[in-house]
Ligand code: FES
Ligand code: FES
């Protein structure tokens, strides 16, 4: 029986449903409470920093002056254009964004610690802040960091020969300039850590809400100049991350420093305001994208000018280049683009640093390409599906203009299926009838590919100083015959303990509940990277499969001794090792014998290790949204949302669909609701969940999901990965649908989120123009 | 800060706790009662992760003070399963319908749904959607949460078909 492909229930759920999960804040109870005094201004020089006049016994006030030996966060990118910006753990003299931690305050309770934060003195001589890239790039703008004059921290430039000629001689050139506003990934559990000191060993155990425990350990050990072996990082249950929890944050370094210095336990659990203003932001970008088309509507060349506001520092380990350079490398998406030119710049500002957020730049570039396609279709008199049909890659493998190889996929088929399911002619009739009644309906498509499961080569091509990619799995069988698999990656809600158990169970002829996946503890797992970039099913899955296969070989060799046959003749199925003539031994009995009667076998353990480091693959999808726009209020309701997606072999359909739905909800939020808003001085106006408004069930529609299954040769399990696709495709689909609903007014969405005030402003402007 | 003694029950068990007046009900449950199943997602009344039942009504425990719980009967997620850990119908439905991913919002949704399923009126689609929109989940996109609660209501014979509900109104 195959377990892969079945929607089995998750092993993670019972504890979570009983309230018995273990999150960082649960571990933190009883530790001394750390709160951070944060900068109230975006830019300035610290002129006075002092503890409260009266400090209760046991309270601590820690500033940069207390930790002279601690280094700065300085992720590297080996590119000529990259300026290596340094982020101090706590600043000595200057602050660079609102919310930057300036001092740590420790007390016996959260209430007390917060009182002390209020009573501490922080005086800052304000300096002019630049919050937006226009301000930061203006001539004479204040410089955020001296190492990056002009505030450009990283730049990419490519222009293939022929781009200019293609644009000059094209039948039609379509240009689309747009803005993607700043987002916060907003995991429901914020960041937090608890650093416990073990006096017996002198080691520190940092429990943290992180996606990358091994990386966090490496980063902190380096910053503090401590032996990495003296630090254990544990990621317990993690309440969502979506990229935000990949980075090394200064607060974690302070916790470990405190634990070592004071030989006690210290915990910091951030509040929602800290998360919204001072964790990490994303997708603050502006692009101008231009395509040359021939008379048949085929793209001849594409050029893009990409600006990304990366905030005040560079995130560790990915660096702040991850947004601008991903847009730079992946703009053409699933389309045949023979010639390509792009310029991408990461711009430093006095704002919270950028970090990856589900999809990173792909929601933005997909928005750009898909809106561009619709606009070009209108100009060329084609319908939205037809122009895509003429341009989607349909012949694989396909080498893109930026040097990537697209493996087998279903770009055209997924779109055709979505279009068929939506019955577009019938929709157009409904749309016309509705318009006659004064109701505005629109339909939007979004076709994209999602680079997933990429290993070391893809990351190395980005010239990152730290090159992630591989995953290692250590697998062992207990004398009772259960399997323990220790993985380097670390999930945050993806159900990894379940899906990977399915993969392993199939290879060993066991049931998934006989497999324990161990993760999120640097003491118990091999060095590895984490759960991000839609990689876990592919890379940890591939490593689990390889490790299980090696363990299967050991079991077969042992069984051959018992069954007096050869290993090649043994099969593992239904919990048994089966030889010729149905002679068999239970795997549990075999495991016990190998461990306890090694004299019979010549080998004495059932442990293996394997790694996997694939080149990467591309999953793909077509999203289709039907919306109704209320012209009076500017409000948008999503009437229908359907997805046709192809992520290769699906390990657990229930979990895969959950990833798609959750991603789309975040993508709809990106399209319509969520925005971090700055005042011109760099202060944040959206510091609560009542201002930064994640959607509720009233805003997110039911989502219809249809699967295609292209089994990729590029991955060991055939799975392609789909964690980010939902959030990549949705903003474009929704924006195209709104633009379709308002097309008769000449309204076109070029800024997300398309909030009611923005839509109203567009409608008002269009009406004014019509009157003039 | 002056301290106060509060007496109440949690999941049927009598408790007496001494705390500061400014301590929230959520912190009292988590830190003074050791019931960490109740989660804090915002501490300002928006996300609903901290929802518990106080005298049968759903309450955001981050917005109520512990001292206000004097004499109250409080129910939390820890009280839902049988003492041996067996999941109840609602919990099982969340598992079957994949109504949780990271599980951080789950305590709030479970307590909200517990209230929905125990009211005098039967639950219908409109009431379900209205109530569920009061909490935030960042992982699931909500559809599976609605599915789970609907399925539990059906299994408990607490579900009203919309058409029937409409006719009754
Ligand atoms: S924690 Fe109480 S509503 Fe968010
Ligand atoms: S399951 Fe993660 S917030 Fe709801």
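The values are calculated or read from the model by the stated rules, or taken from the named source; none is laboratory data. Worth saying up front: this structure is predicted, and the values here are computed from it rather than measured. In this analysis, Cβ positions are derived from the backbone assuming ideal geometry, glycine residues included, and neighbour counts consider all displayed protein chains.
Values as computed for the structure displayed
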read-out	value
Cβ-Cβ under 9 Å pairs, at least 6 apart or on other chains, segment A:194-209 side loosely packed, with under 14 Cβ neighbours inside 10 Å, far side at pLDDT 95 or above	A:199/A:263; A:201/A:230; A:202/A:230; A:202/A:260; A:202/A:263
Residue match in segment A:591-612 (condition: at pLDDT 95 or above, in contact with a helix residue (DSSP H, G or I) (Cβ under 6 Å, 6 or more places away or on another chain), within 14 Å of chain B (Cβ to nearest Cβ) and away from ligand 2 (no atom under 16 Å from the Cβ))	no
Within segment B:140-157, considering residues that are surrounded by 19 or more Cβ atoms within 10 Å (Cβ to Cβ) and in a loop (DSSP other than H, G, I, E, B), the one farthest from the other protein chains (Cβ to nearest Cβ)	B:140
Qualifying residues in segment A:651-696 (those that are part of a loop (DSSP other than H, G, I, E, B) and under 23 Å from residue A:737 (Cβ atoms)) - the one nearest to ligand 2 (Cβ to nearest atom)	A:694
In segment A:487-518, the residues that are more than 14 Å from chain B (Cβ to nearest Cβ), within 23 Å of the chain's Cα centre (by Cα) and buried (at least 19 other Cβ atoms within 10 Å of the Cβ)	A:487, A:488, A:489, A:500, A:517
All helices (runs of 4 or more DSSP H) inside segment A:76-177 with 3 or more residues being within 29 Å of residue A:677 (Cβ to Cβ) and not assigned by TED's automatic domain parsing to the domain that holds residue A:195	A:133-137
Count - residues of segment A:8-21 that are facing another protein chain (nearest Cβ under 8 Å) and part of a loop (DSSP other than H, G, I, E, B)	7
Checking residue A:48 against (1) more than 20 Å from residue A:193 (Cα to Cα); (2) in contact (Cβ under 8 Å) with a residue 12 or more places away in the chain; (3) in a loop (DSSP other than H, G, I, E, B), the condition it does not meet	(3)
Which numbered condition residue A:3 fails, given (1) within 11 Å of another protein chain (Cβ to nearest Cβ); (2) within 30 Å of residue A:500 (Cβ to Cβ)	(1)
Tally, over segment A:744-762, of residues that are within 22 Å of residue A:370 (Cβ to Cβ) and not in a loop (DSSP other than H, G, I, E, B)	7
Subset of segment A:238-267 (residues that are away from ligand 1 (no atom under 16 Å from the Cβ), within 14 Å of chain B (Cβ to nearest Cβ) and outside any helix (DSSP H, G or I))	A:238, A:241, A:242, A:243, A:267
Residue among A:465, A:481, A:469 that is at pLDDT below 85, more than 16 Å from ligand 1 (Cβ to nearest atom), away from chain B (no Cβ under 14 Å) and touching a strand residue (DSSP E or B) at 6+ places or on another chain (Cβ under 9 Å)	A:465
Flag if residue B:114 is touching a helix residue (DSSP H, G or I) at 6+ places or on another chain (Cβ under 7 Å) and within 22 Å of residue A:653 (Cβ to Cβ)	no
Residue that is farthest from ligand 1 (Cβ to nearest atom), among those in segment B:55-71 that are surrounded by fewer than 18 Cβ atoms within 10 Å (Cβ to Cβ) and touching a residue at least 24 places away in the same chain (Cβ under 8 Å)	B:71
Test: residue in segment A:668-677 that is under 30 Å from residue A:766 (Cα atoms) and at the interface with chain B (Cβ under 10 Å from one of its Cβ atoms)	yes
Checking residue B:21 against (1) within 13 Å of chain A (Cβ to nearest Cβ); (2) touching a residue at least 12 places away in the same chain (Cβ under 8 Å); (3) within 14 Å of ligand 1 (Cβ to nearest atom), the condition it does not meet	(3)
Any chance residue A:555 is touching a helix residue (DSSP H, G or I) at 6+ places or on another chain (Cβ under 9 Å) and assigned to a helix (DSSP H, G or I)	yes
Residues satisfying the stated conditions in segment B:35-52, i.e. within 6 Å of ligand 1 (Cβ to nearest atom) and either crowded, with 24+ Cβ neighbours inside 10 Å or at negative phi (or both)	B:40, B:41, B:42, B:46, B:47, B:48, B:49, B:50
Among the candidates A:548, A:559, A:583, residue that is without any contact (Cβ under 8 Å) to a residue 60 or more places away in the chain, crowded, with 18+ Cβ neighbours inside 10 Å and farther than 25 Å from residue A:467 by Cβ	A:559
Sole residue being surrounded by fewer than 24 Cβ atoms within 10 Å (Cβ to Cβ) and away from ligand 1 (no atom under 16 Å from the Cβ), chosen from B:116, B:100	B:116
The one condition in (1) free of Cβ contacts under 8 Å to residues at least 60 places away in the same chain; (2) touching a helix residue (DSSP H, G or I) at 6+ places or on another chain (Cβ under 7 Å) that residue A:691 fails to fulfil	(2)
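Matching residues to (1) surrounded by 21 or more Cβ atoms within 10 Å (Cβ to Cβ); (2) free of Cβ contacts under 8 Å to residues at least 12 places away in the same chain; (3) not in a loop (DSSP other than H, G, I, E, B):
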| site | (1), (2), (3) |
| --- | --- |
| A:396 | no, no, no |
| A:412 | no, no, yes |
| A:418 | yes, no, yes |
| A:426 | no, yes, yes |
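For (1) away from chain A (no Cβ under 12 Å); (2) touching a residue at least 24 places away in the same chain (Cβ under 8 Å); (3) surrounded by 23 or more Cβ atoms within 10 Å (Cβ to Cβ), each residue gets a yes or a no:
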site	(1), (2), (3)
B:9	yes, yes, no
B:14	yes, no, no
B:26	no, yes, yes
B:33	no, no, no
